[in-house]
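J.: Have a look at this one before I ask anything.
Bear in mind that the values in this text are calculations on the coordinates, not laboratory data. Here the structure is a predicted model, which means the values were calculated and not measured. Here Cβ is always computed from backbone atoms with ideal geometry, including for glycine, and neighbour counts include all displayed protein chains.
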Amino acid sequence: MQRYIVVRLFHALLALFAMSIIVFSLARVSGNPMDVLLPEDATEQDFIQTAELWGLDRPLHVQYLVYLGNVLRGDFGVSIKWPGRSTRDLIFARLPATLQLSALSLVVAALLALPLGVLVAVKKDTGIDYAGKVVALLGQAAPSFWVGIVLIWIFAVTLNWLPASGRDGFASLILPAFALGWFQVAAVMRLTRSSMLEVLDSEYVKLARIKGIPNWKVIWKHCLRNAAIAPLTYFGFILGGFLTGSVVIETVFAWPGVGLLAIDALRARDFQVVQSVVLFFGVVYIASNLLVDILYAYLDPRIRYNS
Amino acid sequence: MAMARHWLQNTRLLATLAGVLTLALIVACGTAAPEPAAPASEPAAPAQPAAQQQAPAAPASEPAAPAQPAAQQQAPAAPASEPAAPAQPAAQEQPPQGVQTTQQEYTVPTPVPQPAPAEQPAVAAVTVDNRIDRLGVAVGGQSWDSNYSYKVNISGFLDKWPVLEYLVGIDNQSGAYIPELATSWEVAPNGKDWTFNLREDIQWQDGYGEFTAEDVRHSMWLLVQPTAKPSGVSTWRKIMGVSKGDEEAVVAQRAEEAVEIINDHQVVIHLGIVLPEALFNLGKRRNLPMESKARWDAVGDEGMGDKIVGTGPLSYVERVEGSHVLYDAAEEHWRVVPEYGQLEFRAITESQTRLAALLTEQVHLAVIERSVREEVNERGMSFVSGVYPGISHHWTFWGNYHVDSADAEGNYFNSIDADNPMLKREVRQAMAKAVNREAIAQALLPGAKVQIPNFTNFTDLDEQVWPGLKNPEWTTRYDEVYGYDPEAAKQLLNAAGYPEGFEFTLALDSNAALPEVMDIGQAMALDFEAIGLKPKLANIEASEIRSQRRAREIHNTISASAGYSYTVYHLETRFCSCGSIHAFQDAFIDQKIDELNNTVAKTDRTALMREIGDFCFEQICTLPMFDVAPDIAVNPKFVKSYVFPGFVSGFYTHLEYIETVPQ
């Protein structure tokens, strides 16, 4: 098990290293940062001095090594758009909003997807099952920005039940959390359905029924307990997905989290913040994948032995 | 581990956990974003007739201001030397909308008072009865999100105008320069020395004492000290006579020399260059707000980022980055008391969400795409346009570097690409005549206040500053030289040697001032194709264009601009080979700009600028499109009128003068 974890950690670090190169390169390829840093009427002297100040006059590989060294020391650079703020401070200032949104989205996804998955499995090949398939199709086919705007127009503009945007208390959290969670509802529901179908067909379930245990107890206690392992480990993946997927939803709902920070920084061409946020998202995603891998290995010994 | 497995397999425990998590979220949300105390919960101030209110002590030499009802105190009186500004229509009295195919007459007074205006009578302070609690304004994501005034460019001033005041303000109705923290001013015949008399008894917010001449010197120093990054930083350095590499002590020394303090309420600003139009820089159109020296001494550079402190009619409450900025309205102010208790800027990037926020009364004014204007109107909202068409839209023919340039080592070279068809006047004219501006404006800017013709860098506002700047022939001959005529355009292409047309790049990039510019570019491409040209549409970011044009490496390409700068600045920056944009270079332009920089007399300066204008009109230096007035959607249930000049970068100035509908 320990060897498995060490190998996976090594892979994760390798992925992070590769990602840091990609992020750094993309930030530079998209244009000369000095054309963003300096005003229109800047002189050649301004360009030379600014390049020296930001280290942009050095060769690209030297710039990268300096950047990597700073990152390893926890220094992610200073923002251009937010004068005087370090990009690390900016990310941590926005993180609570994103975590809040992701957590509720996770709850929404779990509370909707697990019962629905069980229901459509139990009612296989009935109208409910077909309806569930339609829901799954809609959930995975409808882009989250579209779902977000539709929700705003129904629940904020038409019904006037919930606020359209902003972060002004719990009411303002409901629509973005639902919009973010909706996409995963479909995936988790399908996963739960297939796991449930497998379990429902097993011998111990048949035995439980023969023994006269009430049907609800067979389904919700004996079947779901085993069928939930796959969707629950999948939640590890989607937590990372929620954080990164928040870029779109936070923009649609003007939710001031890390995703909106990324968009604002992109609009302002604040390459320091952009590369820090992308790196942060990458770390979260890789870390959540690593955790899931370890969890899988723990739950299923075949994986760690094979690896 | 066994415990963890047990938890994973126990659905009841998981359900309980989910419930607890939800409850925790509810609690967290309840405390995460505390709403500032709503003014509605406070007892309303007793209403007083305006005449009974205490005005700030006026200078002894000034006569007491006549008492006026609050609603009539929309703007300070225009300088005595200027004709009265025409009354502007209220929000619900918009002029007929649509494309204006002839030059619109803007009957505005001369904005630059010369000589100095008479001392302004103090405006009686007013309190407003029945003010609404909060006025919300939804804007797209802010290009800057900071409390620093001297580290952001001019587009980052939207959220600073409510708090900070300037020496010289801008009348919201006429666009004229008017006294704000300076009561009067005059420029010496040398065009360099400006004397400002300062308003007395103006107090800084947060108890930083009285506004004095020291604050003027400090504010100018702030813009050129090492940590500053304002718009037009090069111009500011020229004005102050400093270089970027100068050490802090040198900059401080120069600031002392540049701003001579006669007494607490009079300064003489000695500019490093001749600049008879310095009010453009020293006034509200640019980024020289007054900042408190006492505050700087107390909190330093780092503390200046904590909040905005000024002398304006609104005071800073909080900024939540990426979300909103909130202000409290003053109960008393020498200039105006807002008709609302609080002002809130909400940053909402997505246009549809801004519209939803407007319709659900989360906000009362919102920047909305023009394409949905009809729908917005149908839902009971209305649009308010700026007084001036402050978005001057044109396209640049890149590659016209008709002046040899020097590299860093002083070696001269020619940047011309001889194969670039846009070097030929006939080609540029053909392209100008190929575009059906009216049809494009009608289709893509429905209901907007559009002005055709427009002349790049020569605006109506500038005509008011320099009468005679625009040659009347430009208007009368516009159709002949630039007017839509595809047949004539084809003949011009034939004459230029391109009967089959040619390929060129049509660069597309988003533009905050004119979001429709991508669609406009695509519509123009169709017009170009109609005369046989072969435009290649390419998404090229503005920063890439900037890199290429700075190095004079962009050729056979057109790209869009939408700005409303003033003529002198624009000519030098855009067209002089000494500038940074290199939009159209020619030895004639360089010579005239050189003369301009050594000429003080206003009439002579006007004549020189007009000569450049004549040259550019004939040479088709740019492809002019139209001027558009910026607009904003308002909820008439809350907003009775909002008048803003529309030519200041960021557009939505003078929010403190909004008339609201009592609730």
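J.: About its Cα centre, how strong a charge dipole does segment A:193-270 have in debye, to the nearest 20, once Lys and Arg get +1 and Asp and Glu get -1 at the Cβ?
T.: Value, rounded to 20: 500 debye.
J.: Are there GluC sites (Glu not before Pro) in segment B:291-353 that DSSP marks as loop and that have at most 10 other Cβ atoms within 10 Å, and which are they?
T.: Here no GluC sites (Glu not before Pro) fit, given the DSSP loop and packing criteria.
J.: Relative contact order of segment A:87-306: what whole-number percent is it, with Cα pairs under 8 angstrom and at least 6 residues apart?
T.: 28
J.: Would you mind counting up the charge near B:Val376? Only other residues with Cβ under 10 Å from its Cβ, with Lys and Arg at +1 and Asp and Glu at -1.
T.: Taking every Cβ under 10 Å from that of B:Val376, the sum is -1.
J.: Using θ = phi - 60° and the Karplus form 6.51 cos²θ - 1.76 cosθ + 1.60, what ³J(HN,Hα) does each residue of segment B:652-663 get, whole Hz, x for Gly and Pro?
T.: Rounded to whole hertz, the list is 8, 8, 6, 5, 5, 9, 4, 8, 9, 9, x, 9.
J.: Please list B:429-437, A:114-122 highest first by mean number of surrounding beta-carbon atoms within 10 Å per residue.
T.: Most protected by this proxy first, the peptides run B:429-437, A:114-122.
J.: Here's something else I'd like to know. Hey, rough spin-label estimate for B:Ala512 and A:Asn70, points 7 angstrom out along Cα→Cβ, what's it come to in nanometres?
T.: Result for the modelled spin labels: 2.3 nm.
J.: Taking every DSSP beta bridge with both residues inside segment B:391-628, roughly what % is antiparallel (nearest 5)?
T.: Taking every DSSP beta bridge within segment B:391-628, about 65 percent pair in antiparallel fashion.
J.: May I pose another question? Quick check: net charge around B:Gly272, other residues with Cβ under 11 Å of its Cβ, Lys/Arg +1 and Asp/Glu -1?
T.: Result for the local shell: +3.
J.: Please give me, ordered by residue number, the trypsin sites (Lys or Arg not before Pro) of segment A:54-93 that lie in loop per DSSP and have at most 10 other Cβ atoms within 10 Å.
T.: A:Arg73
J.: Moving to a separate point now. At a Förster radius of 22 Å, what calculated FRET efficiency corresponds to the Cβ-Cβ distance of B:Asn263 and B:Asn190, to the nearest 0.05?
T.: Calculated value: 0.45.
J.: Please name which of B:Ile520, B:Tyr569, B:Ile589 has its Cα lying farthest along the dipole of segment B:464-614 towards the positive end, using unit charges on Cβ (Lys, Arg +1; Asp, Glu -1) and the Cα centre as origin.
T.: Working it through, the farthest residue towards the positive pole turns out to be B:Tyr569.
J.: Rounded if a/c is under 1.5, else prolate if a/b is larger than b/c, else oblate: which is segment A:171-307, with a ≥ b ≥ c the root eigenvalues of its Cα gyration tensor?
T.: Because a/c hits 1.5 or more and a/b fails to exceed b/c, segment A:171-307 counts as oblate.
J.: Determine the distance separating the Cα centre of segment B:265-279 from the Cα centre of segment B:516-573; give it in Å without decimals.
T.: What the calculation gives is 35 Å, centre to centre.
J.: Please report A:Val29, B:Val187 as a ranked list, fewest other C-beta atoms within 10 angstrom at the top and most at the bottom.
T.: Ranking A:Val29, B:Val187 by Cβ neighbours within 10 Å, fewest first, gives A:Val29, B:Val187.
J.: Of B:Gln442, B:Gln464, B:Val427, which is farthest towards the positive pole of segment B:394-465's charge dipole, taken about the Cα centre with +1 and -1 on the beta-carbons of Lys, Arg and Asp, Glu respectively?
T.: The one lying farthest along the dipole's positive direction is B:Gln442.
J.: Kindly state, to the nearest 0.05, the FRET efficiency for A:Leu14 paired with A:Leu95, given R0 = 22 Å and r defined as their beta-carbon distance.
T.: 0.30
J.: Give me a single rounded figure for A:146-153: the average over its residues of other chain Cβ atoms within 10 Å of their Cβ.
T.: Average neighbour count from other chains, rounded to a whole number: 2.
J.: For B:Cys578 paired with B:Ala530, estimate the spin-label separation in nm (one decimal), with each label point 7 Å from Cα along the Cα-to-Cβ line.
T.: Calculated label separation equals 4.3 nm.
J.: I'd like the mean, over residues of B:351-357, of how many other protein chain beta carbons sit within 10 Å of each residue's own Cβ.
T.: Taking all residues of B:351-357 together, the mean is 6.
J.: To the nearest whole number, what is the average tally of beta carbon atoms from other chains within 10 Å of the beta carbons of peptide B:317-325?
T.: 5
J.: Cβ neighbours within 10 Å, averaged per peptide: list B:466-473, B:388-395, A:170-177 in order, most packed at the top.
T.: Sorting B:466-473, B:388-395, A:170-177 by mean packing, highest first, produces B:388-395, A:170-177, B:466-473.
J.: Can you tell me which of B:634-646, B:651-663 comes out highest on packing, and rank the rest after it, using the mean Cβ neighbours within 10 Å?
T.: Packing order, densest peptide first, comes out as B:634-646, B:651-663.
J.: OK, next. Compute the signed sum of charges (Lys and Arg +1, Asp and Glu -1) over the other residues within less than 9 Å, Cβ to Cβ, of A:Ala136.
T.: With Lys, Arg at +1 and Asp, Glu at -1, the net is +3.
J.: Rank A:Gln272, A:Val36, A:Thr98 by how far each Cα sits towards the positive end of the charge dipole of chain A (+1 on Lys, Arg Cβ; -1 on Asp, Glu Cβ) and give me just the farthest.
T.: A:Thr98
J.: Roughly how many nanometres apart are two label points built 7 Å out from the Cα toward the Cβ at A:Lys124 and A:Phe145?
T.: In this crude label model, A:Lys124 to A:Phe145 measures out at 4.0 nm.
J.: Taking the Cα of B:Asn597, stepping 7 Å toward and past its beta carbon, and measuring to each backbone N in segment B:246-275: which are under 19 Å?
T.: Of the residues in segment B:246-275, B:271-275 have backbone N under 19 Å from the label point off B:Asn597.
J.: Can you give the FRET efficiency to the nearest 0.05 for B:Asp404 and B:Phe615, using r as the Cβ-Cβ distance and R₀ = 22 Å?
T.: In this case the efficiency is close to 0.70.
J.: I would also like to ask the following. Nothing charged except the Cβ atoms of Lys and Arg (+1) and of Asp and Glu (-1): what's the magnitude of the dipole of segment B:391-628 about its Cα centre? Round to the nearest 20 debye.
T.: The calculated dipole for segment B:391-628 is roughly 220 debye.
J.: With only Lys, Arg, Asp and Glu charged, each at its Cβ (+1 for the first two, -1 for the last two), find how big the charge dipole of segment A:87-306 is about the Cα centre; round to the nearest 20 debye.
T.: Dipole about the Cα centre, nearest 20: 620 debye.
J.: Using Cβ counts within 10 Å as a stand-in for footprinting exposure, how do B:Asp627, B:Asp133 rank, fewest first?
T.: If I rank by nearby Cβ atoms, fewest first, I get B:Asp133, B:Asp627.
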